[in-house]
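> Below you'll find the structure I mean.
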Amino acid sequence: MATIKSILHETRVFPPEAAFVKQANLSSMEAYYALCDEAEKDLDAFWGKLAREEVMWHTPFSRVLDESNHPFFKWFDDGELNVSFNCLDRHLASQPDKAAIIFEADDGKITLSTYRDLHGRVCRFANGLKSLGISKGDRVIIYMPMSIEAVVAMQACARIGATHSVVFGGFSAKSLHERIIDAGAVAVITADEQHRGGKINHLKTAVDDAIALGGTDSVKSVVVYKRGSGDVQWHVSRDVWWHELTNGKSDVCEPEWIGAEHPLFTLYTSGSTGKPKGVQHSSAGYLLGAILSMKWVFDYKPTDIFWCTADVGWVTGHSYVTYGPLAVGATQIVFEGVPTYPDAGRFWKIIQDHKVTTFYTAPTAIRSLIKNGPDLPGKYDLSSLRLLGSVGEPINPEAWMWYYTVVGQSCCPVVDTWWQTETGSHMIAPVPGAVPLKPGSCTLPLPGIMAAIVDEAGHDIENGKGGFLVIKRPFPSQARTLWGDPERFRNTYFPKELGGKYYLAGDSANRDLDGYFWIMGRIDDVLNVSGHRLGTMEIESALVASPLVAEAAVVGKPDDIRGEAIVAFVVLKGTRPQGESAHNIAIELRNWVSQEIGPIARPEEIRFGDNLPKTRSGKIMRRLLRTLAKGEEITQDISTLENPAILEQLKQPIA
Ligand code: WT7
């Protein structure tokens, strides 16, 4: 991959700017190392102290880490709290009139919600949910556009102790159906419409389609927030409008005090098999991770205007839209639209208009904005910015340099944050007032995060070489299990091959001689398309579900904007199509995948063969397919290949 090659040759170093250091929460390597040492010496004391300082407890905890049932760790187990209380009520006395959310709609309309207002909205909606019979321990699916209401829905679930599971609005009815069933959800919260880039997506229709697929008897209510003006189909027995549900409800709702380990949410993510996994997070440990990373990595100050561009359908939107910024009492921007609508200056205009200080986005967005208007940032006043962040995939050094010099005017640190749905919050990321930056490296682990690189047997690898990225000791914000599948949790993240002790992240990484981490990519069959995780097996299952398809194999190929693009090699049930007919079937299959999983999974290219390249024992040779997808000549040994002639057929893209 071009990114990886350029990363490996990177030698530039950017020490923190004096002006930034002066105001930083953590402002020297000594301060950073002191925290790391504290954690090394006594992990319990380190996290226990932070949990007491940063989280508001209803009942204090007496134990910090319980690892007796490895790897199902418990943190602060006998403590009680409420996460929504920690995000809202705790600010009511000190800053009720401070803006909590500045919402900018796709069409530019702005709505502001103060901490007092947001608290009232959350309480009213929580009371509404209660009136539907929803209570502690129930699972609720949230399928909503970016909106104040999406945050309210999540916070209201947290308030009553219901476990939410947000499904990204770009997922299909089929994907939604699968998640509703896996979670055994009692309710779905949605909106009539989603508006992005001037286009309308009918979310409520997708919910109806999902429920019509059957097996969803657990769902008693569908709550619909009215975002648009079109008609929607109505099922009186289960559908209820958001505004009718909250109408007349009290704006006081006593929070449900729950145990520290109570599941705050599950979030589905892709893995090596066809079935998405419901990553389950705790309440207290998760919250602590979100708060600390706001302070350590984003160097949060009460005067900040914080903007994370991620959708609440991803973990980034959970930790750095719904929970982290509110827990620290920040003012944040929530944006409904897309970076390129009405033009590629939209992000810069929002930063200028709202005087954003802290901006957090993905490399794929940065690359697409470089392509669509490298000089556009210069047309806006971006002088309010003081910190830039990146997340989702490795950022190539050239994109990093553009972000740093053109957007940040060479005075804002760029924090490249490595973490995952499973880790809940940042793991390896610069503490910007202390750690010198290297473009393309996520730098050093946060205090208390014992990240390391090991070989196949779990042995440490010396700096300067690559291997598997692991985290050796438990940390509070890590996932507790996979919903309904603890064995899969253990096998995936604590595999026996590595001794079963370390958390295996699923990424390969290098550590340079200064101890800096350079993430190289996934070690499993997971693709990273525009910063989103997609399992190749998931896409293959979708393809094979088409009546036309006999067999399919999916690989990624490098893509300048999206990081990776999906290439599918397909064997049809009939004969191999050619010319016009191949073209049409390819289009049909791409749309099919989009409908099965969602538009993000639509293959970029489809190629047809009479068969797939297989070994004599029948195993598909994916490394050959990856070479073909890149358009490169095969130089690998193909002596074990059963049917070499197939390679010729699969060389050419159809559509
Ligand atoms: C995978 C996790 C964490 C929120 C967004 C994605 C890749 C993520 C970085 C980064 C290099 C990164 C990894 C990781 N990744 N951030 N800063 N540098 N790679 O969450 O969908 O759970 O995906 O994204 O491969 O394992 P996710």
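> For the stretch 352-398, give me each residue that is within 12 Å of the ligand (Cβ to nearest atom), among the β-branched types (Val, Ile, Thr) and either surrounded by fewer than 22 Cβ atoms within 10 Å (Cβ to Cβ) or assigned to a loop (DSSP other than H, G, I, E, B) (or both).
Answer for the stretch 352-398, where residues must be within 12 Å of the ligand (Cβ to nearest atom), among the β-branched types (Val, Ile, Thr) and either surrounded by fewer than 22 Cβ atoms within 10 Å (Cβ to Cβ) or assigned to a loop (DSSP other than H, G, I, E, B) (or both): just ILE395.
> Of the residues GLY500, GLY515, GLY506, which single one is open to solvent by less than 10 Å² (accessible area, probe 1.4 Å), on the phi > 0 side of the Ramachandran plot and more than 13 Å from the ligand (Cβ to nearest atom)?
GLY515
Rundown of residues vs (1) assigned to a strand (DSSP E or B); (2) touching a Leu at 6+ places or on another chain (Cβ under 6 Å), yes/no style:
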position	(1), (2)
TRP400	no, no
CYS412	no, yes
VAL415	yes, no
VAL431	no, yes
SER441	no, no
PRO447	no, yes
ALA452	yes, no
GLU456	no, no
ASN463	no, yes
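> What's the number of the condition CYS412 fails, among (1) modelled with pLDDT of 95 or more; (2) surrounded by fewer than 22 Cβ atoms within 10 Å (Cβ to Cβ); (3) away from the ligand (no atom under 16 Å from the Cβ)?
Here CYS412 clears every test but (2).
> Name the pairs whose Cβ atoms lie under 6 Å apart, with the first residue in the stretch 311-328 and within 14 Å of the ligand (Cβ to nearest atom), the second open to solvent by 10 Å² or more (accessible area, probe 1.4 Å) and not in a loop (DSSP other than H, G, I, E, B), and 6 or more positions between them or separate chains?
Note: pairs meeting the criteria are VAL315/THR421; THR316/VAL391.
Each row is one residue, and each column tells you yes or no for (1) in contact with a Gly (Cβ under 9 Å, 6 or more places away or on another chain); (2) assigned to a loop (DSSP other than H, G, I, E, B); (3) at pLDDT 95 or above.
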site	(1), (2), (3)
GLY271	yes, yes, no
TYR286	yes, no, yes
LYS295	no, no, yes
GLY324	yes, no, yes
ILE333	no, no, yes
PHE347	no, no, yes
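> Only one of these is of a type in the set (Asp, Glu) and touching a residue at least 60 places away in the same chain (Cβ under 8 Å): ASP460, ASP485. Name it.
Matching residue, one of ASP460, ASP485: ASP485.
> Follow-up question, since we're still on this one. When you go through (1) surrounded by 17 or more Cβ atoms within 10 Å (Cβ to Cβ); (2) more than 28 Å from ALA509 (Cα to Cα) one by one for PRO71, which number turns out not to apply?
Every condition holds for PRO71 apart from (2).
> Within the stretch 580-605, which residues are closer than 21 Å to GLY631 by Cβ, part of a helix (DSSP H, G or I) and open to solvent by less than 30 Å² (accessible area, probe 1.4 Å)?
Those that are closer than 21 Å to GLY631 by Cβ, part of a helix (DSSP H, G or I) and open to solvent by less than 30 Å² (accessible area, probe 1.4 Å): ALA582, ALA586, LEU589.
> Sticking with this one: Hey, ILE258 hits all of (1) of a type in the set (Val, Ile, Thr); (2) open to solvent by 30 Å² or more (accessible area, probe 1.4 Å); (3) closer than 23 Å to PRO60 by Cα but one; which does it fall short on?
It is condition (2) that ILE258 fails.
> Here is a further query. Of all residues in the stretch 158-179, which are open to solvent by less than 10 Å² (accessible area, probe 1.4 Å) and in contact with a Lys or Arg (Cβ under 9 Å, 6 or more places away or on another chain)?
Hits for the stretch 158-179 are ILE160, GLY161, ALA162, THR163, HIS164, SER165, VAL167, GLY169.
> Mind checking which pairs have a first residue in the stretch 559-581 that is aromatic (Phe, Trp, Tyr) and a second that is surrounded by 15 or more Cβ atoms within 10 Å (Cβ to Cβ), Cβ under 7 Å, 6 or more apart or different chains?
Close Cβ pairs satisfying both conditions: PHE569/ALA552; PHE569/ALA553; PHE569/ARG607; PHE569/GLY609; PHE569/LEU612; PHE569/LEU625; PHE569/LEU650.
> When only residues in the stretch 328-350 that are touching a helix residue (DSSP H, G or I) at 6+ places or on another chain (Cβ under 7 Å) and aliphatic (A, V, I, L, M) count, which is farthest from SER147 (Cα to Cα)?
Among those that are touching a helix residue (DSSP H, G or I) at 6+ places or on another chain (Cβ under 7 Å) and aliphatic (A, V, I, L, M), it is ALA344.
> Test each condition in (1) more than 16 Å from the ligand (Cβ to nearest atom); (2) in a helix (DSSP H, G or I); (3) open to solvent by less than 30 Å² (accessible area, probe 1.4 Å); (4) modelled with pLDDT under 95 for SER541 and report the one that comes out false.
Here SER541 meets the rest and fails (3).
> Considering (1) more than 16 Å from the ligand (Cβ to nearest atom); (2) in contact (Cβ under 8 Å) with a residue 12 or more places away in the chain; (3) open to solvent by less than 30 Å² (accessible area, probe 1.4 Å), say which one ARG346 fails and leave the rest.
(2)
> Suppose we filter ASP42, ASP97, ASP106 for residues that are open to solvent by less than 40 Å² (accessible area, probe 1.4 Å) and either β-branched (Val, Ile, Thr) or modelled with pLDDT of 95 or more (or both); which single one remains?
ASP106
> Please go through the stretch 421-433 and pick out each residue that is within 8 Å of the ligand (Cβ to nearest atom) and either open to solvent by 10 Å² or more (accessible area, probe 1.4 Å) or farther than 22 Å from ILE471 by Cα (or both).
Answer for the stretch 421-433, where residues must be within 8 Å of the ligand (Cβ to nearest atom) and either open to solvent by 10 Å² or more (accessible area, probe 1.4 Å) or farther than 22 Å from ILE471 by Cα (or both): just THR421.
> Could you list, in sequence order, the residues of the stretch 518-538 that are crowded, with 19+ Cβ neighbours inside 10 Å, within 11 Å of the ligand (Cβ to nearest atom) and not in a strand (DSSP E or B)?
Correct list: SER530, GLY531.
> Quickly run through the stretch 155-168 and pick out the residues that are in a loop (DSSP other than H, G, I, E, B), closer than 18 Å to VAL219 by Cβ and out of contact with any Leu (no Cβ under 6 Å at 6 or more places or on another chain).
ALA162
The values are calculated or read from the model by the stated rules, or taken from the named source; none is laboratory data. Computed from a predicted model, the values in this text were never measured in an experiment. No Cβ is skipped: glycine too gets one built from the backbone with ideal geometry, and neighbour counts run over all protein chains shown. Ligands, DNA and RNA are excluded from the accessible area calculation, which covers all protein heavy atoms including side chains. Shrake-Rupley method; radii C 1.70, N 1.55, O 1.52, S 1.80 Å.
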